[in-house]
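These notes are about the structure you will find just below.
The values are calculated or read from the model by the stated rules, or taken from the named source; none is laboratory data. The structure displayed is predicted, hence computed values, not measured ones. Neighbour counts are summed over all protein chains in view; Cβ atoms, including those assigned to glycine, are modelled from backbone coordinates with ideal geometry. Calculation scope for accessible area: heavy atoms of the full protein, side chains included, ligands and nucleic acids excluded. Shrake-Rupley method; radii C 1.70, N 1.55, O 1.52, S 1.80 Å.
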Amino acid sequence: MTRTVKIPGPDHPITIAPADRRVVVRAGGHVVASTTRALALQEADYPVVYYVPLADVDPAVLADSDTTTYCPYKGDASYHDVSTAAGTVSDAAWTYREPYDSVAPIAGHLAFYPDRVEIVAEET
């Protein structure tokens with residue numbers, strides 16, 4: 001299958017920078033991630049997405065999902081379910097294991113859907 005690869009530019013900018021805040025992710029009231037090392041990815045006019053280093057996510061709550069998606073700017077995304085005592089949130093997080101060069105810093109990071117888990121970005 002041939003995939004279109006797009007490079008961020010003036011018509012579709014993508015910036016990645018240190019978040020400069022503590023990012024805490026909760027599912028069912030359980031803290032699943034807490035970090036001061038998150039990356040803030042700003043893509044075009046979309047809301048900022050915080051990418052949390054895998055090392056700062058509780059590995060006990062993650063399970064690989066069968067879901068995958070493709071972004072022409074970032075590459076292939078793999079999804080994870082998040083399970084806590086409160087239940088399982090399907091496809092709550094995603095990662096780009098081998099992101100395209102233009103977004104390479106997000107490798108080794110997870111992003112979470114704000115409508116599936118609670119994400120709080122606190123000023124440090």
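On the basis of being open to solvent by 30 Å² or more (accessible area, probe 1.4 Å) and among the aliphatic types (A, V, I, L, M), does Ala17 make the cut? Talk me through it step by step, then tell me what you get.
Values: open to solvent by 30 Å² or more (accessible area, probe 1.4 Å): yes; among the aliphatic types (A, V, I, L, M): yes.
Taking the combined requirement at face value, the residue satisfies it.
Looking at (1) open to solvent by 30 Å² or more (accessible area, probe 1.4 Å); (2) aliphatic (A, V, I, L, M); (3) in contact (Cβ under 8 Å) with a residue 12 or more places away in the chain, which is the one condition that is false for Ala60?
Ala60 satisfies all of (1) open to solvent by 30 Å² or more (accessible area, probe 1.4 Å); (2) aliphatic (A, V, I, L, M); (3) in contact (Cβ under 8 Å) with a residue 12 or more places away in the chain except (3).
Any idea which of (1) basic (Lys, Arg); (2) in contact with a helix residue (DSSP H, G or I) (Cβ under 8 Å, 6 or more places away or on another chain); (3) exposed (fewer than 15 other Cβ atoms within 10 Å of the Cβ) is the one Arg97 doesn't satisfy?
Answer for Arg97: the failing condition is (2).
Residue under question is Ala44, and the condition is that it be more than 18 Å from Ala27 (Cβ to Cβ) and surrounded by fewer than 17 Cβ atoms within 10 Å (Cβ to Cβ); does it hold? Working first, answer last.
On the way: more than 18 Å from Ala27 (Cβ to Cβ): yes; surrounded by fewer than 17 Cβ atoms within 10 Å (Cβ to Cβ): yes.
So Ala44 fits the description; yes.
Of the conditions (1) surrounded by 13 or more Cβ atoms within 10 Å (Cβ to Cβ); (2) outside any strand (DSSP E or B); (3) over 13 Å from the mean Cα position of the chain (by Cα), Arg116 fails just one. Which one is it?
Arg116 satisfies every listed condition except (3).
Looking at Ser78, Ser65, Ser83, which is the one that is closer than 21 Å to Asp115 by Cβ, surrounded by 13 or more Cβ atoms within 10 Å (Cβ to Cβ) and in contact with a helix residue (DSSP H, G or I) (Cβ under 9 Å, 6 or more places away or on another chain)?
Working: Ser78 fails: in contact with a helix residue (DSSP H, G or I) (Cβ under 9 Å, 6 or more places away or on another chain); Ser65 fails: in contact with a helix residue (DSSP H, G or I) (Cβ under 9 Å, 6 or more places away or on another chain).
After ruling out the rest, the residue left standing is Ser83.
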